[in-house]
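Working notes, beginning with the structure itself.
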Amino acid sequence: MAKMALAIHGGAGTILRSQMTAALEHEYREGLETAIKSGWAVLEKGGNSVDAVEAAVIELEDFPLFNAGRGSVFTHEGRNEMDAAIMDGHALKAGAVAMVRNIRNPIRLARQVIEKTDHVLLAGEGANQFAEMIGMHAEPDEYFFTEHRWLQLQQAMSEGRVHLDHHVAKPMGTVGAVACDSKGHVAAATSTGGMSNKKYGRIGDSPLIGGGTYADDVCAVSCTGHGEYFMLGVSAFDVSARMRYKNLPLEDAANETLERLTEIKGDGGLIAVDTEGNCTLPFNSDGMYRGWMTDAGQLNIEIYAA
């Protein structure tokens, strides 16, 4: 029986104590704790890692302070477009969706891409048609409206620039989870609303297998930060490759991947677990909303770099 582990993130970036109120920090910690407990409950009952990461990410998508699901940022056109991916490392199967609208839990839809298609990534109107075909309920636009996200869009538009979710010390954050179950099987899941004021159908790293999400028979990885650089570094897969080809332990491989990200001017972080239940959560930004739990039974939640 393998050692179980679960780690989650709610985004990495400019997260400073000086710009965080006690009340807001409490809300974030509650949201992270709820997600960890939900995923861990699956593992404790003998459930598999795919179910565990899906359960954890669903909770994070339903929490309006993170940039995923209900709390997703607005595009330049004032819409919510969401991306998500989930990967089963043991079966080496993945499902992902990009630019979906009105889907309460994009991670559920990504899971159904695995279960009900022979594809890996569905995007845009086609992904929404797939959701309708399988009977997935569509939420009205009002469900995704949060005032702080709308104000972010107005600020970005007035400044004439795109806001990455990690560049403002406000409620934000791509979300993700990785897990190792009692059989030593690992899985990863990532979900995001992208960037505020984004244009031209931009898609980041979260739904791209190997870029922002990856799992195999070595490890599982979910990334967060400036997505373009995680795509250029193929960062999620890079952790696995360093373990497989350089025979590095998980923590060393993840740190080398982060060093490579820094070399190419990228910022953010990642969470990773291996098939022995080890986990690591490195980042090169001012903070990362994160939490983890292992067989030791202690629930850990952190936000800041120090």
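For the stretch 254-261, indicate whether the set of residues that are small (Gly, Ala, Ser) and either out of contact with any strand residue (DSSP E or B) (no Cβ under 6 Å at 6 or more places or on another chain) or assigned to a strand (DSSP E or B) (or both) is non-empty. Can you show your working first?
We begin by selecting, within the stretch 254-261, every residue small (Gly, Ala, Ser); these are 254.
Applying the additional criterion that residues be either out of contact with any strand residue (DSSP E or B) (no Cβ under 6 Å at 6 or more places or on another chain) or assigned to a strand (DSSP E or B) (or both) yields none.
For the stretch 254-261, residues small (Gly, Ala, Ser) and either out of contact with any strand residue (DSSP E or B) (no Cβ under 6 Å at 6 or more places or on another chain) or assigned to a strand (DSSP E or B) (or both): absent.
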Is one or more of the residues making up the stretch 105-118 of a type outside the set (Val, Ile, Thr), out of contact with any Gly (no Cβ under 7 Å at 6 or more places or on another chain) and under 28 Å from Ile303 (Cα atoms)?
yes
Of the conditions (1) over 20 Å from Asp286 (Cα atoms); (2) in contact (Cβ under 8 Å) with a residue 12 or more places away in the chain, Lys246 clears all except one; give me its number.
(2)
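Here is a check on your reading of the model: is Ala23 of a type in the set (A, V, I, L, M), more than 16 Å from Trp292 (Cα to Cα) and in contact with a Pro (Cβ under 8 Å, 6 or more places away or on another chain)? Can you show your working first?
Details: of a type in the set (A, V, I, L, M): yes; more than 16 Å from Trp292 (Cα to Cα): yes; in contact with a Pro (Cβ under 8 Å, 6 or more places away or on another chain): no.
Considered against the rule, which asks whether it is of a type in the set (A, V, I, L, M), more than 16 Å from Trp292 (Cα to Cα) and in contact with a Pro (Cβ under 8 Å, 6 or more places away or on another chain), Ala23 comes out as no.
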If Leu232 passes every condition in (1) buried (at least 18 other Cβ atoms within 10 Å of the Cβ); (2) among the hydrophobic types (A, V, I, L, M, F, W, C); (3) more than 17 Å from the chain's Cα centre (by Cα) but one, which one does it miss?
(1)
Which one of Glu81, Glu132, Glu147, Glu115 is of a type outside the set (Lys, Arg), surrounded by fewer than 20 Cβ atoms within 10 Å (Cβ to Cβ) and at pLDDT below 95?
Glu147
Test set (1) in contact (Cβ under 8 Å) with a residue 40 or more places away in the chain; (2) of a type in the set (Asp, Glu); (3) closer than 30 Å to Glu125 by Cα - Asp217 fails condition number
(3)
The stretch 284-303 - residue that is touching a helix residue (DSSP H, G or I) at 6+ places or on another chain (Cβ under 7 Å) and in a strand (DSSP E or B) and, of those, nearest to Lys3 (Cα to Cα):
Met293
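Here's the yes/no breakdown for (1) within 22 Å of Pro140 (Cβ to Cβ); (2) surrounded by 20 or more Cβ atoms within 10 Å (Cβ to Cβ); (3) among the acidic types (Asp, Glu):
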| site | (1), (2), (3) |
| --- | --- |
| Glu25 | no, no, yes |
| Gly39 | no, yes, no |
| Glu44 | no, no, yes |
| Ala56 | no, yes, no |
| Asn67 | yes, yes, no |
| Gly71 | yes, yes, no |
| Phe74 | yes, yes, no |
So, in the stretch 195-237, exactly how many residues are touching a helix residue (DSSP H, G or I) at 6+ places or on another chain (Cβ under 8 Å), outside any strand (DSSP E or B), farther than 24 Å from Trp40 by Cα and not aliphatic (A, V, I, L, M)?
10
Regarding Asn102, is this residue free of Cβ contacts under 8 Å to residues at least 60 places away in the same chain, surrounded by fewer than 24 Cβ atoms within 10 Å (Cβ to Cβ), out of contact with any Cys (no Cβ under 7 Å at 6 or more places or on another chain) and at positive phi?
yes
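The values are calculated or read from the model by the stated rules, or taken from the named source; none is laboratory data. Everything quoted here is computed from the prediction, not taken from an experiment. With ideal geometry, Cβ positions are generated from the backbone for all residues, glycine too; neighbour counts draw on all protein chains shown.
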